[in-house]
Amino acid sequence: MQSQGYDKRIKCEVLVVGAGPAGMMAAIIAARAGSKVIVIEQKDMPGKKIYATGNGRCNFTNQHYDSRVFRGEDPKFAYEAYKRFDKDALIGFMKELGVAFRDINGYIYPYNEQARSVANALLYECKRLGIEIRCNEKTLDITQDNKIDNDSDFLVTTDKDVYICEKVIIAAGGKASPTHGSDGNLNKVIRKLGHEIILQDPALVPLRFADNSLSLLAGVRCKCKTVLMIDGYETDNESGEIIFNNDNISGIPVMQLSRYAVKALTAKSKVSLELDLIPDMNDAFLKDFLETSVKKRSGIFETLGLVVNDKIAKYICDRIKDIDELIHFLKHFRIEIIGDCGFNKAQVTAGGVNVAQITKDMESKIIRRLFFAGEILDIDGTCGGYNLQWAFTSGYLAGTAASVKQS
Ligand SMILES: Cc1cc2nc3c(=O)[nH]c(=O)nc-3n(C[C@H](O)[C@H](O)[C@H](O)COP(=O)(O)OP(=O)(O)OC[C@H]3O[C@@H](n4cnc5c(N)ncnc54)[C@H](O)[C@@H]3O)c2cc1C
């Protein structure tokens, strides 16, 4: 029975905050199980970030999974969840929505390599199921309604309406790429509900260097081995193409290493990247190769310009005196890192709602019928489709659990 004065509240069974991939997946699964679902989205359209993923191509999962792809204080939480809705389940789900897939070296994209296919397919399914997605509406507060109806119902206040609902799924994203919607605006509300938020830092983000002279290399792309050094020790490495920009360095290897670089900088450690520009040759082979070549040419620059990008060749030649120094430079090109390019340039957030307070079904251990899904949780993935897989996996589990009828 509703009390007088509360009749303006909109009733629903499951309210989802955020129409990103996690929120839409949760909504679809709950609605398929028969729940009445409303999704609140602060942006003017659902799935805005999906359009930007994979350079507009949406790399939504990967054929390869190992113990390094999910990160956070408890990555095992993500693996256990993944086992319950894995890449094959996701590919199957997409196929069911009409999205065929294309496998490019294990990276999975929609067949037409257009991210909008994934966003549209989710949206069409929401429409088919009668899910109401309310755009341009911002969730401001979530409280438990202890006074009216039922002591476990939630009151969700937005800038437009007040909702009364049995279950709430918070899928509001992290802080990365706020132009696409997610900006951590619900952190205060989540803390008020009793949840701890692990410090949120940008991840999969370009790293800023200290040495201004490196701006001479802006625009240069080179394939190399990139080693992350923290307080002088090698902690991790990645191979692939890096890109020099005016005050930062990017490219997949740098993005992959950035999470740990950023955390180390926050902890006041000294961070650098050491590039091996010629990873396919060892020092002895390289020395022999360069010495032989130098004899035939008019100097080191001519020799080096045949081996590495000519801007890099010039940069190095201006800084070395002999072949030994040259080899050291080529194999251990050290770049001191002083920061990152911030959440605006980050693809994902490291940190978020502490998963120690969340059940394997994505339900709060503190407040029954409150669920979390996606990047808002303290789980992030490496480049390669793992972040979307996490959003869909956790969305699937939250939607499944939230649709179980309460006795
Ligand atoms: C440029 C870029 C490229 C990327 N490429 C890839 C890729 O190729 N593969 C991959 O796996 N991952 C990629 N990612 C990461 C991936 O997009 C995210 O991890 C994923 O979108 C997270 O899904 P989510 O649903 O948890 O959050 P989001 O997609 O961030 O969605 C959260 C939604 O909640 C809404 N919201 C927030 N607060 C409120 C509020 N108070 N009220 C109402 N609505 C609210 C937001 O507007 C947003 O729409 C990329 C990210 C970026 C930025």
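Rule-based calculations on the coordinates, nothing more; no lab input. Being a predicted model, the structure only gives us computed values, none of them experimental. Counting neighbours? That spans all protein chains shown, and the Cβs are built from the backbone with ideal geometry, glycine included.
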Please report the relative contact order for segment 207-340, taking Cα pairs under 8 Å with a sequence separation of at least 6, and give it as a percent rounded to a whole number. 32 percent
Fully extended, how many nm does the chain gain between V404 and L216 (0.36 nm per residue separation, minus their Cα-Cα distance)? 61.7 nm
With the charge dipole of the chain built from beta-carbon charges (+1 for Lys and Arg, -1 for Asp and Glu) about the Cα centre, the Cα from T143, L304, A33 projecting farthest to the positive end belongs to A33
Can you list the residues, at least 5 places off or on another chain, whose amide H is less than 5 Å from the amide H of I108, using H built in the peptide plane? F60, T61, N62, Q63
If I model a spin label as a point 7 Å beyond the Cα along the Cα-Cβ vector, how far apart are those points for I10 and H332 in nm? 6.2 nm
Which value, in debye to the nearest 20, gives the size of the charge dipole of the chain about its Cα centre, when Lys and Arg are +1 and Asp and Glu are -1 at the Cβ? 800 debye
Leaving out same-chain residues fewer than 8 places away, which aspartates and glutamates sit with a Cα under 15 Å from that of K270? D211, D231, E234, D236, E336, D340
Dividing the mean separation of Cα pairs under 8 Å (6+ apart) by the residue count of the chain yields a relative contact order in percent of 25 percent
By average Cβ neighbour count within 10 Å, what is the ranking of 54-61, 22-29 from highest down? 22-29, 54-61
If you take the beta carbon distance between E291 and R68 as r and set R0 to 30 Å, what does 1/(1 + (r/R0)^6) give as a FRET efficiency, to the nearest 0.05? 0.15
For segment 332-387, what relative contact order do you get, as a whole percent, if you take Cα pairs closer than 8 Å and at least 6 residues apart? 32 percent
Using a 10 Å cut-off on Cβ atoms, rank the peptides 378-388, 159-169 from the highest mean neighbour count down. 378-388, 159-169
What size of dipole, in debye to the nearest 20, comes out for segment 207-340 about its Cα centre when the only charges are +1 on Lys and Arg C-beta atoms and -1 on Asp and Glu C-beta atoms? 220 debye
Order of L306, L214, L257 under a 10 Å beta carbon neighbour criterion, fewest first: L306, L214, L257
Stretch T143-E80 to full length: gain in nm at 0.36 nm per residue minus the Cα-Cα span? 19.7 nm
Can you give the helix-only mean residue ellipticity at 222 nm for the chain, where every DSSP H stretch with n ≥ 4 adds -39500 (n - 2.57) and the sum goes over all residues, rounded to the nearest 500 deg cm²/dmol? -9000 deg cm²/dmol
Taking the Cβ of T158 as the center, what net charge do the other residues with Cβ under 9 Å away carry, scoring Lys and Arg +1 and Asp and Glu -1? -1
Can you say what percent of the DSSP beta bridges in segment 1-124, counting only those with both residues inside, are antiparallel? Round to 5. 60 percent
In terms of Cα to Cα distance under 21 Å, which lysines are near enough to K138, apart from those fewer than 8 places away along the same chain? K8, K11, K36, K43, K48, K49, K127, K160, K167, K175, K188, K192
Most positive-pole-ward Cα, S250, V353, V227, against dipole of the chain from beta carbon charges: V353
Apply the Karplus parameterisation 6.51 cos²θ - 1.76 cosθ + 1.60, with θ equal to phi minus 60°, to every residue of segment 369-381 and state each ³J(HN,Hα) to the nearest whole Hz, in sequence, with x for glycine and proline. 6, 10, 10, 10, 8, x, 5, 5, 7, 6, 9, 9, x
Rank-order 329-335, 287-293, 11-17 by packing density, defined as the average count of other C-beta atoms within 10 Å over each peptide's residues, highest first. 11-17, 329-335, 287-293
Theoretical gain in end-to-end length, E325 to K95 [0.36 nm per residue, Cα-Cα removed]: 77.2 nm
In whole angstrom, how far apart do the alpha carbon centroids of segment 319-391 and segment 178-193 sit? 18 Å
Counting Lys and Arg as +1 and Asp and Glu as -1 over every other residue whose Cβ sits under 12 Å from the Cβ of V220, the net charge comes to +2
